[in-house]
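Below is one structure, written out as C-alpha cells; the observations come after it.
The values are calculated or read from the model by the stated rules, or taken from the named source; none is laboratory data. Predicted model only: the values in this text are computed from it and were never measured. Glycine gets a Cβ as well: all are built from the backbone with ideal geometry, and neighbour counts include every protein chain shown.
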Amino acid sequence: MNLGNALTINDLKKLARRRVPKMFFDYADSGSWTESTYRANAEDFNQILLNQRVAVNLENRKLGTKMLGQEVSVPMALAPTGLTGMQTADGEIKAARAAEKFNVPFTISTMSVCSIEDVAEHTSKPFWFQLYMMRDRAFIERLIDRAKAANCSALVLTMDLQILGQRHKDIHNGLSTPPRFTPMHVWQMATRPLWCMRMLGTRRHSFRNIAGHVEGTGDLRKLSVWTASQFDLNLTWEDVAWVKERFGGPVIVKGVLDPRDAEAAIKYGAEAVIVSNHGGRQLDGAPSSIRVLPAIVDAVGSKAEVYLDGGIYSGQSLIKALVLGAKGVFIGRAFLWGLGAGGEAGVTRALEIITNEADITMALMGERDIHDVGPGNLYSNLLQGKN
Ligand SMILES: Cc1cc2nc3c(=O)[nH]c(=O)nc-3n(C[C@H](O)[C@H](O)[C@H](O)COP(=O)(O)O)c2cc1C
C-alpha cells in the first residue's frame with residue numbers, strides 16, 4: 001500500500017506506523033491509563049444511526065460553510081497537536097500548507113516544534129493558535145502578541161490540561177520529562193531512515209514557540225523541565241476574559257464536557273467551545289465527546305458555535321457530529337497519521353478521504369447542502385440505544 005491507494009484513515013495509520021519511529025507513532029496513538037475514553041470516542045459513533053432517503057435531486061452538493069465567520073470547504077479544522085514536527089520533519093508547516101490549500105483552518109499548538117513564525121512564513125492565509133495557560137504570564141503575553149503579529153485569526157484556549165493525564169506508552173518509550181535518550185531510541189530512529197534523513201535536513205527540532213523566548217531553556221532537558229512546571233493549576237474563568245482582551249480576536253474554549261462549563265465559557269467571552277476530552281488523553285473514564293455533545297448543544301443554543309473533536313476518523317463521523325448539532329469538527333490523529341504516512345500530501349489525502357466520505361454520507365441521507373444536515377437525519381426507533 002502507498003499514499004495513492006490509501007482508502008481510509010486506517011490505511012494512513014498503517015503507513016504511518018511503518019514510517020514514523022515507534023515512540024512518536026505511539027505518542028499519537030495513545031490515551032491515558034486504560035485508554036477507555038480514547039476508544040469510546042470512536043466506538044460511540046457506531047450507536048448513531050442515520051436516516052436514508054431516496055428520490056432526491058443530488059446534483060450540486062455543497063459541503064462549504066463557515067466556522068467563526070471564516071469560509072471553509074468543509075466544516076473541519078485541524079486540531080492543535082504537540083510535537084507534530086516529530087511525526088515528520090517540519091510537520092506543522094506541512095500540515096498548515098495542506099490545510100490552507102484545502103481551505104480548512106490549521107491550529108498550531110503552544111507545544112509545536114515549528115514556531116508560530118515558522119508557520120506564518122510558509123503560509124499565506126491566517127491560521128489559528130492554541131494556547132496553554134502557563135504561570136509565566138509575561139511569556140504568555142508575549143506568546144499571544146506573537147500570535148497576533150502572525151495574523152492568527154482565532155485563539156483556541158485549552159482548559160483541560162493544567163495537570164497531565166498519564167500515558168503509559170510514553171513513559172515506557174522514555175518520552176517523559178526530561179526526555180531520556182537511550183540506545184532504544186537510536187534503534188527506533190535507525191529503522192526509519194527516510195524520517196531520519198528529513199530530520200537531518202531541518203533545524204526545527206525542539207519546542208520553538210518556547211525555546212529562545214524564555215531564559216534558561218537553551219537545551220531540550222531544561223526546556224522540558226521548565227514547560228512541565230509551568231501549567232497553571234490556578235486557571236479560572238476570569239482567565240478566559242483576560243486572554244480574550246489581550247488577543248482581541250475570537251476565542252474558542254477547548255475541553256468542554258459539561259454544559260455548565262460551556263455556559264461559563266460563553267459568559268466569559270468565548271465565541272465557540274470545543275466539546276473535547278483531549279482525544280482521551282486526559283481524564284480516562286470521561287464520556288466520549290459525541291455522547292455529551294447533545295447536552296452541550298442544548299445548553300449553548302445560538303449563543304456560540306459548538307465544535308467537537310475526538311474519534312473523527314471518517315467523514316461519516318463528521319456527519320454524525322453535525323446530525324447531533326455540532327457546527328464543525330476538529331481532527332487530531334486523522335491528520336497526524338496522514339502526516340506520518342506522507343507529509344503534506346498525506347495530510348491532503350486525510351482531508352480528501354474524510355471529505356469524500358462526508359459527501360457520500362450526506363447524499364445517501366438525501367441531503368444536498370451541509371447546512372441542512374441536522375437532527376432530521378437521525379434515525380430513531382425503539383431499538384435505538386440497544387444495538
Ligand atoms: C499527539 C497529540 C498531541 C496533542 N497535543 C495537543 C496540544 O498540544 N494542545 C491541545 O489543545 N490539544 C492537543 N491534543 C488534543 C487534540 O487537539 C484533540 O483534542 C484530539 O486529538 C482529538 O481527538 P482525535 O485525535 O481522536 O481526533 C493532542 C492530541 C494528540 C493525539
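Brief remarks follow.
- Residue check, THR191 within 19 Å of TYR27 (Cβ to Cβ), among the hydroxyl-bearing types (Ser, Thr, Tyr), exposed (fewer than 15 other Cβ atoms within 10 Å of the Cβ) and away from the ligand (no atom under 16 Å from the Cβ): yes
- Every listed requirement among (1) at pLDDT 95 or above; (2) among the aliphatic types (A, V, I, L, M); (3) more than 30 Å from ARG192 (Cβ to Cβ) is met by LEU383 save one, (1).
- Residue within the range 304-318 that is out of contact with any helix residue (DSSP H, G or I) (no Cβ under 7 Å at 6 or more places or on another chain) and within 13 Å of the ligand (Cβ to nearest atom) present: yes
- In the range 78-91, the qualifying residues are those that are in contact with an Asp or Glu (Cβ under 7 Å, 6 or more places away or on another chain) and under 18 Å from LYS254 (Cβ atoms), and the one that is nearest to the ligand (Cβ to nearest atom) is ALA79.
- Scanning the range 238-261 for residues that are among the aliphatic types (A, V, I, L, M) and away from the ligand (no atom under 16 Å from the Cβ) yields a count of 1.
- Screening VAL20, VAL74 for residues that are among the β-branched types (Val, Ile, Thr), within 16 Å of the ligand (Cβ to nearest atom) and under 16 Å from the mean Cα position of the chain (by Cα) leaves exactly one candidate, VAL74.
- When the range 104-142 is filtered for residues that are within 13 Å of the ligand (Cβ to nearest atom) and over 19 Å from the mean Cα position of the chain (by Cα), only MET134 remains.
- Considering only residues in the range 134-151 that are closer than 14 Å to THR110 by Cβ and in contact with a helix residue (DSSP H, G or I) (Cβ under 7 Å, 6 or more places away or on another chain), the one that is modelled with the lowest pLDDT turns out to be MET134.
One line per residue, one yes/no per condition, for (1) modelled with pLDDT under 95; (2) loosely packed, with under 13 Cβ neighbours inside 10 Å; (3) closer than 30 Å to GLY328 by Cβ; (4) out of contact with any Pro (no Cβ under 6 Å at 6 or more places or on another chain):
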residue: SER176; (1), (2), (3), (4): yes, no, no, yes
residue: GLU215; (1), (2), (3), (4): yes, yes, no, yes
residue: VAL225; (1), (2), (3), (4): yes, no, no, no
residue: ILE252; (1), (2), (3), (4): no, no, yes, yes
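- Selection within the range 329-347 - small (Gly, Ala, Ser) and within 13 Å of the ligand (Cβ to nearest atom): GLY332, ALA334, GLY338, GLY340
- In the range 271-296, residue farthest from the ligand (Cβ to nearest atom) [restricted to those that are under 18 Å from ARG39 (Cβ atoms) and β-branched (Val, Ile, Thr)]: VAL292
- Among residues of the range 144-169, those that are within 13 Å of ARG246 (Cβ to Cβ), more than 12 Å from the ligand (Cβ to nearest atom) and buried (at least 18 other Cβ atoms within 10 Å of the Cβ), counted: 3
- Within the range 305-320, residues that are more than 18 Å from ARG281 (Cβ to Cβ) sit with their Cβ atoms under 8 Å from residues that are hydroxyl-bearing (Ser, Thr, Tyr) and outside any strand (DSSP E or B), at 6+ positions apart or across chains, in these pairs: SER314/THR8; GLY315/THR355; GLY315/THR361; GLN316/THR361; ILE319/THR361.
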